[in-house]
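See below for the structure under consideration.
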Amino acid sequence: MNVATRKKGKHLIVALNGELNLYNVGEVKSQITTAIGADTPSLVMDFTDLKYIDSSGIGLMAQLKKKYGS
């Protein structure tokens with residue numbers, strides 16, 4: 001799993017490449033939450049190169065939406 005982040009205006013764009021599953025969801029969560037700063041009003045997830053996501057990955061997306069979504 002590769003996690004790439006970049007800023008575009010007020011948006012933090014997080015691109016996931018590979019498989020998001022039970023084995024790497026903790027590390028992915030850590031990388032994303034580290035990249036999110038106090039000056040990040042908008043989080044955009046890019047799943048273009050995400051090959052697979054299991055229920056733990058979907059749970060992470062729900063957590064991020066609840067915490068950082070509008």
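The values are calculated or read from the model by the stated rules, or taken from the named source; none is laboratory data. Please read all numbers here as calculations on a predicted model, not as lab measurements. Please note: Cβ atoms are built from the backbone with ideal geometry, for glycine as well, and neighbour counts cover all protein chains shown. Just the protein is used for accessible areas: all its heavy atoms, side chains included, with ligands, DNA and RNA removed. Shrake-Rupley method; radii C 1.70, N 1.55, O 1.52, S 1.80 Å.
Points to keep in mind about this one:
- Of the residues making up segment 33-70, those that are aliphatic (A, V, I, L, M) and outside any helix (DSSP H, G or I) number 7.
- Scanning segment 10-32 for residues that are part of a helix (DSSP H, G or I), open to solvent by 20 Å² or more (accessible area, probe 1.4 Å) and hydrophobic (A, V, I, L, M, F, W, C) gives a single hit, V25.
- Among the criteria (1) within 9 Å of the chain's Cα centre (by Cα); (2) surrounded by 15 or more Cβ atoms within 10 Å (Cβ to Cβ), the one A35 does not fulfil is (1).
- Pair list, Cβ under 6 Å, 6 or more apart: segment 35-56 residue free of Cβ contacts under 8 Å to residues at least 40 places away in the same chain, other residue assigned to a helix (DSSP H, G or I): L43/Y68; S56/V25
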